[in-house]
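Notes for the one structure printed next.
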Amino acid sequence: MKKKIVIVGAGVAGINAATKLVDNNFDGEITIIDMGKDPYKRLPEEVMTGMLGAGGWSDGKLTYHTAIGGQLKKYCGEDKAMELMDQVITNFKRFHPKPEEVQCSNPVAEPDFIKPQFGLRLFPVWHVGTDYLLEIAKNWYQYLVDKGVNFQWETKVTDINFNPSTPEYEVMIHLNPLSEPGKTYYLGGDKLIFAVGKSGIDFGKSLADSYNLPTEPKSVQIGVRFEAPQHHFQKLIDISYDFKLYRKFDDKGVSLRSFCTNNNAAYVAVEETYGNYTYNGHAKKDEKYRNDMTNFGIIMELNGIENPFEWSRDVVKQCQSIDGRGLYYSPSRKVSQTSEGDKVSAFQIDESGMDEVRKVFEGKFSYIDDFIDGMKEIFPTLKDDWGMYIPEVKYLSPEPLVDYTNLALTKYPNVHFVGDALSARGITVSGAQGTYVAEYLLKN
């Protein structure tokens, strides 16, 4: 009997796992389930669900270092981690309509002018180009369909039974087609790859609670999306295109970093997670979109907070306007435009509104204030010519403990966690985790 592999989530982790399997002539059935739409139906603003997930739909920068985006080398070692990330980058080039457009930036020296305000993390980044992500998604999707992968779109996984009574299956997945609320059907499988993105982290946490899975607590990752004219940062951009400034306060359990820098044709993007607005950013390559802006996250990593996932959720909820939008603050600017020419959906607040935000962050927003003051020191033209969208968040639910050789749950060896479900925090690392699991399944 042919083996059945079920993948929950059509993001970068799940898609790379399926690709590794079919590339190596896996003689079994592969089903991928996702709440979103296939790339032919998915709209630009549908960021969180669908083919290639959130990062593969709206970002397109592939970091190439084991110190960025999670703990991949913890599972497989430095050399293997880099090899796995190479495979992910190769796949993006393989399905790219213009692979020659994929470029790598690789800064090698930390400039003196950022000291003593900041450190600068230096690592290679492959720039795919947001403009091309739709075509990559279509090409990649068609390849998998042609190889016999079965996709179930607009379908929500409502429960997973790790101990089904049906003897022929190791796991049983409960499904609800979103077009038919209330209807439930079941899909059995021999192996499950749980590859949900940020929109499925809450579900992953509920599974961990239901099955009493041993977990490793994670830190809070929360902050703002900062935006300003690019010329203020050009001196640093010329050295490191996707620069990551950082500060650490080890005695306070706090560190900060700039995150996901977008330049040239850079636009702030709204993400709707758990019904609340948060912010991210993307950059297009086509010159017709050029706006000469830069945006990046300023993210705080806060350790020692009890129930970090719930704390983050509560802060996000309180940083919503009365009409349900996120917030925007600037000492001089107005809300910017999207690449479609509309205003970014945000409610602009004044200094009194910022005082309320600082209360919501329980005093920790002072670290972001200081970070911005530090940038004014090293970028003297910046002054008050900037704005920030509040909040940006990276939800990290407690990480389930897994077998390092295959990322399977220690209690359930047929269930493999990858991507954001395993705190991957990045396109390249998520895809690498999916590939890692697929390699194990092919060998076994």
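The values are calculated or read from the model by the stated rules, or taken from the named source; none is laboratory data. Keep in mind the model is a prediction, meaning the values are calculated, not measured. When we count neighbours, we look across all protein chains shown, and the Cβ atoms used for this are built from the backbone with ideal geometry, even at glycine. These area figures cover heavy atoms from the full protein model, side chains too; ligands, DNA and RNA do not enter into them. Shrake-Rupley method; radii C 1.70, N 1.55, O 1.52, S 1.80 Å.
Things to note:
- Rg and Dmax over the alpha-carbon atoms of the chain stand at 21.3, 68 Å.
- Of the accessible area of the stretch 279-331, computed with a 1.4 Å probe over protein heavy atoms only, carbon and sulfur atoms account for 41 percent.
- Among 371-378, 359-366, the order from most to least packed when residues are scored by Cβ within 10 Å on average: 371-378, 359-366
- Under 5 Å, built H, 5+ apart or other chain: amide partners of G281: A269
- Of the GluC sites (Glu not before Pro) found in the stretch 135-200, those that fall in a DSSP loop while having at most 11 other beta-carbon atoms within 10 Å are E168.
- Within the stretch 339-400, the ratio Rg/Rh, alpha carbon atoms throughout and Rh by Kirkwood, equals 1.04.
- Solvent-accessible area of the stretch 1-139 (1.4 angstrom probe, protein heavy atoms only): carbon and sulfur portion equals 50 percent.
- Of the peptides 100-110, 328-338, 384-394, 236-246, the ranking by mean beta-carbon count within 10 Å, highest at the top, reads 384-394, 236-246, 328-338, 100-110.
- Rounded, prolate or oblate (a/c below 1.5 giving rounded, otherwise prolate when a/b exceeds b/c) for the stretch 264-328 by Cα gyration tensor: prolate
- Cross-link pairs K183/K411; K93/K138; K4/K411; K244/K359; K252/K394 - those with Cα-Cα distance over 24 Å: K183/K411; K244/K359
- Debye, to nearest 20: dipole size of the stretch 300-379, +1 on Lys, Arg Cβ, -1 on Asp, Glu Cβ: 260
- For the chain, the 222 nm mean residue ellipticity estimated from helices alone, with every DSSP H stretch of n ≥ 4 adding -39500 (n - 2.57) and the total spread over all residues, rounds to -8000 deg cm²/dmol.
- Rolling a 1.4 angstrom probe over the protein heavy atoms with all chains in place gives the chain an accessible area of 41 Å² per residue.
- Cα centroid of the stretch 122-172 to Cα centroid of the stretch 223-257, whole Å: 33
- The relative contact order of the stretch 132-217 comes to 18 percent, based on Cα pairs under 8 Å that sit 6 or more residues apart.
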